[in-house]
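Structure first, then comments.
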Amino acid sequence: MLWCLAALVLNVPAIAQQSTTENFRITTTHGREVLVLPSQETSTQMQLEQGPINGRTFETNSQRVHIVVFDGKTFRASTPLAGSSSRIVFDPSRRTFIQLLPSIRVELEDDIHLDSIARSVGAEKMTFFEALGFAIIDLPETLHPIEAIARLAAHPEQPKATIRLRGPGIEWR
């Protein structure tokens, strides 16, 4: 898969607000809004029409097909039906699909107890970056990062958590 390295910064206010339409979800990560595409089994195709972005997801016998129309241009991606590779987002500012990592980023604050937060999402591992002010919590394969963030929103400490995206591969010469 080719990754577009040129970034076009867009303000896409029409898709903001951490909204959910069926199994599509719009969230913010790394200062950008992204559209989280469905990754669980469905019996029918799913549609999204919200502002400048339209999406459609359907399944074949062996893969899940995602079609996103943004500003009149059509983008397509296919994923496996199950597993962490089936979890992707569409990034309107980069106009590309990106795989979700099976972990979340949690901001470190004085009143946050990461042990109880990790237990609430069944964390497999935590990595602290104290000098940078955040921790990475590795999730069980069965827990989608969006679901983990929703659980943490209901946590008494209400930590600030965001999804993480796979970075582009480096091409060595």
Out of all the residues in segment 93-105, is one or more touching a helix residue (DSSP H, G or I) at 6+ places or on another chain (Cβ under 6 Å) and closer than 22 Å to THR57 by Cα? yes
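Condition check ((1) among the aliphatic types (A, V, I, L, M); (2) outside any loop (DSSP other than H, G, I, E, B)) across all residues:
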| position | (1), (2) |
| --- | --- |
| ASN54 | no, yes |
| ALA82 | yes, no |
| VAL106 | yes, yes |
| MET126 | yes, yes |
How many of the residues in segment 75-97 are on the phi > 0 side of the Ramachandran plot and either loosely packed, with under 15 Cβ neighbours inside 10 Å or free of Cβ contacts under 8 Å to residues at least 12 places away in the same chain (or both)? 1
Qualifying positions in segment 128-168 - out of contact with any helix residue (DSSP H, G or I) (no Cβ under 8 Å at 6 or more places or on another chain), assigned to a helix (DSSP H, G or I) and open to solvent by less than 20 Å² (accessible area, probe 1.4 Å): PRO145, ALA148
In segment 19-47, what residues are at pLDDT 80 or above and part of a loop (DSSP other than H, G, I, E, B)? HIS30, GLY31, LEU37, PRO38, SER39
Which condition number does THR142 fail, the rest of (1) farther than 24 Å from GLU33 by Cα; (2) in contact (Cβ under 8 Å) with a residue 12 or more places away in the chain; (3) under 21 Å from the mean Cα position of the chain (by Cα) being met? (2)
Could you tell me whether GLU141 is under 27 Å from LEU81 (Cβ atoms) and of a type outside the set (Phe, Trp, Tyr)? yes
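The values are calculated or read from the model by the stated rules, or taken from the named source; none is laboratory data. A quick note: this is a predicted structure, and the numbers were derived from the prediction, not measured. Positions of Cβ are backbone-derived with ideal geometry, glycine not excepted, and every protein chain shown enters the neighbour counts. For accessibility, only protein heavy atoms count, side chains too; no ligands or nucleic acids. Shrake-Rupley method; radii C 1.70, N 1.55, O 1.52, S 1.80 Å.
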